[in-house]
Amino acid sequence: MARIKFLLVFFALLVCAGGVVGAYFFWKKFAQPEMNVTRRIEGTSEVQKARPDLGKRHFDAAAELLKEGELVSARDRLLYLMQYFPESATYPDARRIVGEINLDLLLSKIPLPGKTIHTVSRGEALITIARRAETTIDYIMRSNAKTTALIYPDEELTVFPLNYRAEIDLEGGKVTVYDADEFFKEYDIVDTHLPPEVEGPVSTSISEKVAWHLDRPINFTDENYLNCSKWMRTGKMGLFIRQFDSEKKGDARPYGVMVAKSDIEELFTILRVGAKVNLVN
């Protein structure tokens, strides 16, 4: 009888010991690593929450300058933010605002290096003025608030040499315009339809700019010019920059990178035939 009791106690101790060992194994294998990971994540989150946004003060300063009408100073402050604080939460807004300021400065009467006044001589036409000034007809019309191509002797026109280049980033969904290596403005890609053989990197240039109304091409003297569709052909077969048309879907879409109508109008204004275009991916 005593032997049976001893065996029962022995087995009970074995079961208890097994439970303790099992619990210890579970702790080491699962519970402790999970707690350590959770602790590290929570610690990292606290550090991130505590880390100050060093770019925000520059963004706020630029906002105050904009309120005072100091466009150039505000832009320069935002460009500084973009260069040195790209991790700032204000970076996307800074980039967007810089683009808007750059376009406003370009199209307004505000003086800029290179911006001049051209006095029209008898017999001159917009196309010859644009060519000599290394600008575009659309720029002359927009910057001088003209709704027709008519010009008159002794009329004063603002002109500016446009030497911008475009970078198409398919993965990022952006068409970005640069003045040399300095950011000018970026545009969202709404849709893309390219031939399979068109893959980045591609270096090319704008070979043709076309204005299209109904079923025919038109030029800047046409009364429908301001409301027509526009697109730009590059030297790479199948690579166009076009106005997005929601009515054309699937394979019915023409080849190209599509942007909003207002954006193609701006791109048509600031990019000349011969402007460099890079497809990065």
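Values quoted throughout were computed directly from the atomic coordinates according to the rules given, and no laboratory measurement underlies them. Everything quoted here is computed from the prediction, not taken from an experiment. Neighbour counts are summed over all protein chains in view; Cβ atoms, including those assigned to glycine, are modelled from backbone coordinates with ideal geometry.
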(request) List, in the order given, every pair from K146/K174; K209/K236; K115/K185; K115/K146 whose Cα-Cα distance in the structure shown is over 26 Å. (result) K146/K174
(request) Fewest Cβ neighbours within 10 Å first, please rank V273, V120 accordingly. (result) V273, V120
(request) Project the alpha carbons of segment 164-279 onto their principal axes and report the range along each, largest first, in whole Å. (result) 37, 32, 22
(request) Go ahead and run the numbers for FRET between F183 and T147, Cβ-Cβ distance against an R0 of 35 Å, rounding to 0.05. (result) 0.70
(message) Tell me the volume per residue, in Å³, of the convex hull enclosing the alpha carbons of segment 56-107.
(response) 58 Å³
(request) Arrange the following residues from fewest to most other Cβ atoms within 10 Å of their Cβ: D60, D191. (result) D60, D191
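Got the relative contact order for segment 56-107 handy, in percent, Cα pairs under 8 Å and 6 or more residues apart? Don't skip to the answer; put the middle values down first.
Numbers: 42 pairs, mean separation 18.6, N = 52.
For segment 56-107, the relative contact order is 36 percent.
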(request) Take the Cα pairs of segment 197-248, get the Kirkwood Rh, then feed it into Stokes-Einstein at 4 °C and 1.567 mPa s and tell me D in µm²/s. (result) 104 µm²/s
(message) Can you give me the long-range amide H partners of S205? Hydrogens built in the peptide plane at 1.01 Å from N, cutoff under 5 Å, separation of 5 or more residues or another chain.
(response) G235, K236, V277
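In what order do H213, H58 fall by count of nearby beta-carbon atoms within 10 Å, going from fewest to most?
Numbers: H213 14, H58 20.
Going from sparsest to densest Cβ surroundings: H213, H58.
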(request) Would you calculate the separation in nanometres between label points at L226 and E64, each defined as 7 Å from the Cα along the Cα-to-beta-carbon direction? (result) 4.1 nm
(message) Could you tell me the calculated FRET efficiency between D215 and E134, based on Cβ-Cβ distance and R0 = 35 angstrom, to the nearest 0.05?
(response) 0.60
(request) Just the Kirkwood number for segment 116-159, please: inverse of mean 1/r across all distinct Cα pairs, in Å, one decimal. (result) 10.2 Å
(request) Can you check how the C-alpha radius of gyration of segment 83-132 compares to 2.2 N^0.38 Å, as a plain ratio? (result) 1.81
(message) With θ taken as phi - 60° and the coefficients 6.51, -1.76 and 1.60, list the Karplus ³J(HN,Hα) couplings across segment 108-114 in order, rounded to whole Hz; mark glycine and proline as x.
(response) 8, 8, 5, x, 9, x, x
(request) Among the lysines, select those whose C-alpha is under 18 Å from the C-alpha of K56, and discard any that sit fewer than 8 residues away in the same chain. (result) K67
(message) Give me a comma-separated list of calculated 3J(HN,Hα) values for segment 215-230, in order, Karplus coefficients 6.51, -1.76, 1.60 applied at θ = phi - 60°, integers in Hz, x for any Gly or Pro.
(response) 10, 8, x, 10, 10, 5, 7, 6, 5, 9, 4, 5, 10, 8, 7, 9
